[in-house]
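Bear in mind that the values in this text are calculations on the coordinates, not laboratory data. All of these numbers come straight from a predicted model, not from anything done at the bench. Glycine gets a Cβ as well: all are built from the backbone with ideal geometry, and neighbour counts include every protein chain shown.
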Amino acid sequence: MRAEEGGGVGGARPRWRLGAEGPGRRPAGVVPEPPVPDLTPQPPEPAPPPAWEQALEESLAFLRRRLAGDYTVDEFGFDQDLTDSVMLPALRPLYQKWFRVETIGMHHVPAEGGALVVANHSGTLPLDSMMTAVALHDDHPAKRHLRMLGADLVFRLPVIGQLARKQGGTLACNPDAERLMTSGELVGVWPEGFKGIGKPFRDRYKLQRFGRGGFVSAALRTGVPIIPCSIVGAEEIYPKIGDLKPLARLFGAPYFPITPLFPLLGPLGMIPLPSKWYIEFGEPIRTDEYEPADADDPMLVFNLTDQIRETIQHTLYRLLSQRRNAFLG
C-alpha cells in the first residue's frame, strides 16, 4: 500500500509522504506543520507580600537571632546585626525623606580595603556623621560600614556612648584608627571636632582648624587613601545663634546652644530643620607613595592636612554656589 493512500497509525494522515528519501526523513521543500500552542491557562504569579508584612518578618527574625545569641560583636564593640537591622533603618527616614540627601563622587570610595574619609563638621548635633554613615551603606555598591572616630565625651554619655560603639564608633586616637584601617575598614574622621560642630551660624561653612593632623599620620603609617568629604546642608538644621555657657559648664558640655526654636519651644525645638543635603566624596589622596616613617615628618603631615582642608573648603564653596535655596536645593 502506498503511503499517500494509507491512513497511517490509527488512520491519521502522515505529515509528509515517505518516498525515496526514506522513512522518518523530511523531503526537501516540505515545511512541517507549526506546533499547536499550549492554551492551558497558567496560574498568576503570587503577589509580593505587603511592606508591613515583610518588615514584621524581618523584625521577628532579628529578635530570634538576638535571643539565640546568633550575632557577633568585634573587638571595638561593633554590632553589624544591630546596626543593619535597627540603627540604619531608624536613620533612613531622615536621610531619604527629611534631608533628601544626594551623594556625589561615590565612585571615589573603594569597594574594599582600608580608607580614611575626612569630612567637615557642623550642625550643633552630629547628625552629619550619621548621615554620612547611611550614605556609604545605602548608596555605595559595596554597602560599606563607616567606622567613625569620635571624641571621648561621646563615649562617656549614657546610652549614646554604648550605641556609638554598637554602630562601629571608637575613640579618635591613632592606635585604634590604624588597627581599623590595617584590617581593611573604612574609617571616618571629623577633624574640626567641637570647634566645627558648635560654631555660630554666622561662621557657617567656614572650616575651623584641623587639629595637628593625627589622622594624616595614621593614614601614612597604614598606606590607605584619604578621601575628602564635603557636606552641605548640615549647617542649617540647628542654626546656633547663642551659647548658654553656665549651663554648658553645669552639664560638662562644650556648649549649650540657643537656636531660633530651642529652648523656646522646648522638646519641639530639637526637631531639625528640613534642609537639603549634598555629600560629595572627592578624589582620593594616595599615601602608599610614602614610607611609614614619613608619618613622623611634621612638614609633610602639615602639608597634607592643609591640602585636605583646602580641598574640602573649595568644594563647599562650589556646592554652595550651585545651591539655590538651603531647603529646596
Exercise. From the backbone phi of the range 53-59, what are the Karplus-calculated ³J(HN,Hα) couplings (6.51 cos²θ - 1.76 cosθ + 1.60, θ = phi - 60°) in whole Hz, Gly and Pro given as x?
Worked result: 5, 5, 5, 5, 5, 5, 5
For this session: Holding the Cα-Cα limit at 29 Å, pick out from Lys143/Lys195; Lys166/Lys206; Lys143/Lys166; Lys97/Lys206; Lys97/Lys143; Lys166/Lys245 the pairs that are longer than that.
Result: Lys143/Lys195; Lys166/Lys206; Lys166/Lys245
For this session: Mind checking the full-extension length gain between Gln80 and Gln313? Use 0.36 nm per residue of separation minus the Cα-Cα distance, one decimal, nm.
Result: 80.6 nm
Seminar exercise, completed: Other residues with Cβ under 12 Å from the Cβ of Phe62 give, with Lys and Arg +1 and Asp and Glu -1, a net charge of -3
Problem set entry | Rg/Rh ratio calculated on Cα atoms of the range 204-265 (Kirkwood radius) | 1.13
For this session: Kindly provide the helix-only [θ] at 222 nm of the chain, computed as the sum of -39,500 (n - 2.57) over DSSP H runs of four or more divided by all residues, to the nearest 500 deg cm²/dmol?
Result: -9500 deg cm²/dmol
Seminar exercise, completed: Semi-axes (Å, rounded, descending) of the ellipsoid equivalent to the range 143-231 per its C-alpha gyration tensor are 22, 18, 12
Problem set entry | Kirkwood Rh (inverse of mean 1/r, distinct Cα pairs), the range 119-267, angstrom | 16.4 Å
For this session: For the range 176-329, go through all pairs of different Cα atoms, get the mean of 1/r, take its inverse, and jot down that Kirkwood value in Å.
Result: 17.5 Å
Seminar exercise, completed: For log10 I(q)/I(0) by the Debye sum over Cα atoms at q = 0.06, 0.10, 0.13 Å⁻¹ the list reads (1) -0.20, -0.56, -0.96; (2) -0.34, -0.65, -1.04; (3) -0.31, -0.69, -0.98; the calculated value is entry (2)
For this session: List the trypsin sites (Lys or Arg not before Pro) within the range 143-182 that fall in a DSSP loop (any state other than H, G, I, E or B) and whose Cβ has at most 13 other Cβ atoms within 10 Å.
Result: Lys143
Problem set entry | Length released on extending from Glu53 to Glu283, taking residue separation times 0.36 nm less the Cα-Cα span | 78.6 nm
Problem set entry | Charge tally in the Cβ shell below 13 Å around His314, where Lys, Arg are +1 and Asp, Glu are -1, His314 excluded | -1
For this session: Please arrange Val36, Val109, Val216 by counting, for each residue, the other beta carbons lying within 10 Å of its beta carbon, fewest first.
Result: Val36, Val109, Val216
Exercise. Can you sort Ser217, Ser122 so the residue with the fewest Cβ neighbours within 10 Å comes first?
Worked result: Ser217, Ser122
For this session: Rank the residues Tyr238, Tyr255, Tyr317 as a footprinting-exposure proxy: fewest other Cβ atoms within 10 Å of their Cβ go first.
Result: Tyr317, Tyr255, Tyr238
Seminar exercise, completed: Cα-Cα pairs in the range 230-290 separated by more than 20 Å, as a whole percent of all pairs, come to 48 percent
For this session: From the C-alpha gyration tensor of the range 79-164, pull out the three semi-axes of the equivalent ellipsoid (sqrt of 5λ each), sorted largest to smallest, in whole Å.
Result: 20, 15, 15
